[in-house]
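Colleague: Can you keep this structure in mind? I'll have questions shortly.
The values are calculated or read from the model by the stated rules, or taken from the named source; none is laboratory data. For clarity, every value in this text was computed on a predicted model and none was experimentally measured. Here the Cβ positions follow ideal geometry from the backbone for every residue, glycine too, while neighbour counts run over all protein chains shown.
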Amino acid sequence: MKSPALEASLEASLSQHRPGRLCGIGVGPGDPELITVKALRRLQAAPIVAFPAGLRGEPGVAQSAISTWLQPHQQQLPLTFPYVQDEAILKAAWKTAADQVWQAMQNGDVVFASEGDISFYSTFTYLAQSLLQQHPEAQVEAVPGICSPLAAAAALGIPLTVRSQRLAVLPALYQMATLEAALAWAEAVVLLKVSSVYAQVWSMLQQQQLLEHSYVVKHATRPDQMIYAGLKDWPDLKLPYFSLLIIRVPHRRP
């Protein structure tokens with residue numbers, strides 16, 4: 001029979017070799033002050049902080065948002081996630097990132113900072129899934145954050161939805177028929193990362209007489225935020241990747 005002292009010693013020995021946790025935190029769309037209190041506590045308590053690496057050596061959105069809050073002793077771990085649609089390339093990148101995070105977890109808890117909310121079209125979803133596929137014993141936690149449609153509506157000073165209104169959110173890869181269907185049943189439609197299809201969207205909104213009820217917000221909450229309210233005079237906008245469009249359908253079709 002083991003003595004209490006021996007059991008305590010064994011438990012201490014095991015805990016020394018137990019990997020840390022992975023905690024994904026949503027840090028909002030760019031403004032460092034839009035991080036939640038809980039996410040900030042998790043961020044500053046972790047010895048290792050991971051985030052998506054920016055392009056061309058520049059800091060990414062999440063990295064810029066948390067830079068104010070990081071402590072000198074914290075190790076920073078940028079992870080590369082390619083902006084491609086090739087499933088094989090993406091899966092290989094997720095696995096590589098998961099391997100890097102698992103190795104870092106051997107030295108303590110790892111926080112992964114994600115732009116916006118952690119479950120809203122977030123890279124963290126794929127990172128966590130890949131990690132758990134390879135290491136089912138891994139402990140993973142998610143802390144929600146503010147997503148870009150909510151931040152954009154606040155910047156515009158309009159409600160995104162009220163009462164029983166329906167909301168549709170479409171990611172960057174959609175067909176015009178999908179947008180047309182969304183406009184037929186939703187009172188509010190949000191198009192994420194609209195830059196690549198803006199010209200086609202503008203034409204459809206013109207046909208449906210919705211230009212005056214449409215708003216573009218680029219780089220919501222960031223210092224270079226720009227708002228275009230009413231798009232009649234903006235058919236040829238050249239927008240950056242992080243731009244979204246909000247359409248407020250003024251009435252229901254019969």
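Colleague: Out of all the residues in the range 18-58, which are surrounded by 15 or more Cβ atoms within 10 Å (Cβ to Cβ) and part of a helix (DSSP H, G or I)?
Modeller: Scanning the range 18-58 gives Pro32, Leu34, Ala39, Leu40, Arg42, Leu43.
Colleague: Might you let me know whether the range 190-209 holds any residue that is of a type in the set (Lys, Arg) and either within 20 Å of the chain's Cα centre (by Cα) or surrounded by 14 or more Cβ atoms within 10 Å (Cβ to Cβ) (or both)?
Modeller: Yes, that holds for at least one residue.
Residues checked against (1) touching a residue at least 60 places away in the same chain (Cβ under 8 Å); (2) assigned by TED's automatic domain parsing to the domain that holds Gly24; (3) hydroxyl-bearing (Ser, Thr, Tyr); (4) under 24 Å from Ile89 (Cβ atoms):
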position: Gln133; (1), (2), (3), (4): no, yes, no, yes
position: Val162; (1), (2), (3), (4): no, no, no, no
position: Tyr174; (1), (2), (3), (4): no, no, yes, yes
position: Ala182; (1), (2), (3), (4): no, no, no, no
position: Leu191; (1), (2), (3), (4): no, no, no, no
position: Val201; (1), (2), (3), (4): no, no, no, no
position: Gln208; (1), (2), (3), (4): no, no, no, no
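Colleague: Please indicate, with yes or no, whether at least one residue in the range 227-243 is under 16 Å from Pro159 (Cα atoms), buried (at least 21 other Cβ atoms within 10 Å of the Cβ) and either within 19 Å of the chain's Cα centre (by Cα) or outside the structural domain of Leu160 (by TED's automatic domain parsing) (or both).
Modeller: No, there is no match, as no residue in the range 227-243 is under 16 Å from Pro159 (Cα atoms), buried (at least 21 other Cβ atoms within 10 Å of the Cβ) and either within 19 Å of the chain's Cα centre (by Cα) or outside the structural domain of Leu160 (by TED's automatic domain parsing) (or both).
Colleague: Additional query: Mind checking which residues of the range 41-73 are more than 19 Å from Arg21 (Cβ to Cβ) and of a type in the set (S, T, N, Q)?
Modeller: Gln63, Ser64, Ser67, Thr68
Colleague: Taking the condition of being β-branched (Val, Ile, Thr) and surrounded by 13 or more Cβ atoms within 10 Å (Cβ to Cβ), how many residues in the range 59-71 meet it?
Modeller: Within the range 59-71, residues that are β-branched (Val, Ile, Thr) and surrounded by 13 or more Cβ atoms within 10 Å (Cβ to Cβ) number 2.
Colleague: When only residues in the range 59-90 that are assigned to a strand (DSSP E or B) and hydrophobic (A, V, I, L, M, F, W, C) count, which is farthest from the chain's Cα centre (by Cα)?
Modeller: Once the filter is applied, the top-ranked residue is Leu77.
Colleague: Which of the residues belonging to the range 209-231 are touching a strand residue (DSSP E or B) at 6+ places or on another chain (Cβ under 9 Å), of a type outside the set (Gly, Ala, Ser) and either over 15 Å from Arg248 (Cα atoms) or at pLDDT below 95 (or both)?
Modeller: Answer for the range 209-231, where residues must be touching a strand residue (DSSP E or B) at 6+ places or on another chain (Cβ under 9 Å), of a type outside the set (Gly, Ala, Ser) and either over 15 Å from Arg248 (Cα atoms) or at pLDDT below 95 (or both): Lys218, His219, Thr221, Asp224, Gln225, Met226, Ile227.
Colleague: Taking the condition of a type outside the set (A, V, I, L, M, F, W, C) and either surrounded by 14 or more Cβ atoms within 10 Å (Cβ to Cβ) or in the same structural domain as Tyr198 (by TED's automatic domain parsing) (or both), does Asp86 pass?
Modeller: no
Colleague: Which residues, taken from the range 64-92, are within 18 Å of Asp109 (Cα to Cα) and touching a residue at least 12 places away in the same chain (Cβ under 8 Å)?
Modeller: If the condition is that a residue be within 18 Å of Asp109 (Cα to Cα) and touching a residue at least 12 places away in the same chain (Cβ under 8 Å), then Ile66, Trp69, Leu70, Gln71, His73, Gln74, Gln75, Gln76, Leu77, Pro78, Leu79 are the ones that fit.
Colleague: Considering each residue of the range 91-105, count those that are surrounded by fewer than 16 Cβ atoms within 10 Å (Cβ to Cβ) and under 19 Å from the mean Cα position of the chain (by Cα), and give that number.
Modeller: Looking only at that region, the number is 1.
Colleague: Let me ask something additional. For the range 106-147, give me each residue that is over 8 Å from the mean Cα position of the chain (by Cα), buried (at least 17 other Cβ atoms within 10 Å of the Cβ) and charged (D, E, K, R).
Modeller: Asp109, the sole residue that qualifies.
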